[in-house]
Ligand code: DHB
């Protein structure tokens, strides 16, 4: 097979890119090791920045995000026995949209199928080569047949365990890495919402995040040990832990049957630059953020918005030079989001060896942020997403 752009990965970043390229008249082939069902069944974050919503709607993917999503104009930061609202609308004139990543994926996969896009799920034996010359991707399709895709450019949008990332020679890249001594215990519960907006909760019982999905299904997380085994927790024990964390700041949760429980790892990672020869990396393949603040998917969509523009130039001139400007433009936003995710994480979680000083200092930081227009404006601007494709 010959195509202009070969894409390894068929998650949201890959499919959004394939969609944007198709609109510019550029053909692509996207492949993924996972089946469509496997991707649909992976629960991820649920908050979209304004620009992410606009990208889905304005590029013609779907307007379901507006119909089935919920607009949120702020969040609550709860700490020190009370709760403080950050008013996004009032501070920066922007909102976020509660709409799960799995639904973003479904909309993109449906749009690619509707528009005749070439997307192959459930492939095996993926190999990439020719990065500095003419890229080639080899794989075995789900029907067992071996394929070779020759392309002018290659995009590694293959997630945090990226195979494309590893194809960059060590001397040609830098890797930045940070681990955290805690994780999130995430649940889905059949219950009504406990609050109109999300609650980010700092407490003597550790961090908890009260999020939502629908009128009858809620998403919540609490801080746990990274080695925690989610299967050993009863519903009662989970509710006790969550109620203690939010109760410390005056909130009470509506309880219900817990239908999903998983432990989510925390990690910060960046590989620079985001290009090598005729290959680029996009989304989690190039960078991972800890989940606090829900930047992962938004950052991936911001990457491909810039990438589609630069790839158009590259394809047009058959010249890899625009890939360097993609990397530079994308990384400017990546590092702002790295800082924001790290900052939200360290401000709100309790370190296993925290001293009373550490805890009171965090409360001082939270009071400074929520008690000042400058502080809350920074948070609001970062949370809703720095506007424009930078
Ligand atoms: C959700 C996840 C996040 O990491 C976050 O900061 C906000 C919401 C969610 O899954 O709803």
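The values are calculated or read from the model by the stated rules, or taken from the named source; none is laboratory data. Being a predicted model, the structure only gives us computed values, none of them experimental. Glycine gets a Cβ as well: all are built from the backbone with ideal geometry, and neighbour counts include every protein chain shown.
Taking the listed residues 89, 85, the one that is farther than 24 Å from residue 283 by Cβ and either part of a helix (DSSP H, G or I) or outside the structural domain of residue 38 (by TED's automatic domain parsing) (or both) is 89, with no other qualifying.
Okay, residues lined up against (1) within 16 Å of the ligand (Cβ to nearest atom); (2) free of Cβ contacts under 8 Å to residues at least 24 places away in the same chain; (3) not assigned by TED's automatic domain parsing to the domain that holds residue 43:
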{"residue": "143", "(1), (2), (3)": "no, yes, no"}
{"residue": "147", "(1), (2), (3)": "no, no, no"}
{"residue": "151", "(1), (2), (3)": "no, no, no"}
{"residue": "157", "(1), (2), (3)": "no, no, no"}
{"residue": "167", "(1), (2), (3)": "no, no, no"}
{"residue": "206", "(1), (2), (3)": "yes, no, yes"}
{"residue": "218", "(1), (2), (3)": "yes, no, yes"}
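Among the residues of the stretch 129-137, none qualifies, meaning not one is over 28 Å from residue 263 (Cβ atoms), crowded, with 16+ Cβ neighbours inside 10 Å and in contact with a helix residue (DSSP H, G or I) (Cβ under 6 Å, 6 or more places away or on another chain).
Just checking, which of 83, 59, 95 is closer than 25 Å to residue 371 by Cα and more than 19 Å from the chain's Cα centre (by Cα)? Reasoning before the result, please.
Values: 59 fails: closer than 25 Å to residue 371 by Cα; 95 fails: more than 19 Å from the chain's Cα centre (by Cα).
The unique qualifying residue is 83.
Screening 195, 189, 285 for residues that are within 16 Å of the ligand (Cβ to nearest atom) and surrounded by 23 or more Cβ atoms within 10 Å (Cβ to Cβ) leaves exactly one candidate, 189. With respect to the conditions (1) within 14 Å of the ligand (Cβ to nearest atom); (2) part of a strand (DSSP E or B); (3) under 30 Å from residue 315 (Cα atoms), residue 262 lacks only one, and its number is (3).
Identify the residue in the stretch 326-361 that is in contact with a helix residue (DSSP H, G or I) (Cβ under 6 Å, 6 or more places away or on another chain) and away from the ligand (no atom under 16 Å from the Cβ) and, among all such residues, is nearest to residue 277 (Cα to Cα).
Pass one, the stretch 326-361, residues in contact with a helix residue (DSSP H, G or I) (Cβ under 6 Å, 6 or more places away or on another chain): 326, 329-330, 333, 337, 340, 347.
Applying the additional criterion that residues be away from the ligand (no atom under 16 Å from the Cβ) yields 326, 329-330, 333.
On the way: 326: 13, 329: 17, 330: 17, 333: 22 Å.
Among them, the one singled out is 326.
Of the residues 107, 103, 115, 125, which is away from the ligand (no atom under 16 Å from the Cβ), farther than 27 Å from residue 372 by Cβ and buried (at least 17 other Cβ atoms within 10 Å of the Cβ)? First the steps, then the outcome.
Working: 103 fails: away from the ligand (no atom under 16 Å from the Cβ); 115 fails: buried (at least 17 other Cβ atoms within 10 Å of the Cβ); 125 fails: buried (at least 17 other Cβ atoms within 10 Å of the Cβ).
After applying the criteria, what remains is 107.
Selection of the stretch 227-237 for residues being more than 16 Å from the ligand (Cβ to nearest atom) and surrounded by 13 or more Cβ atoms within 10 Å (Cβ to Cβ) yields 228, 233, 235.
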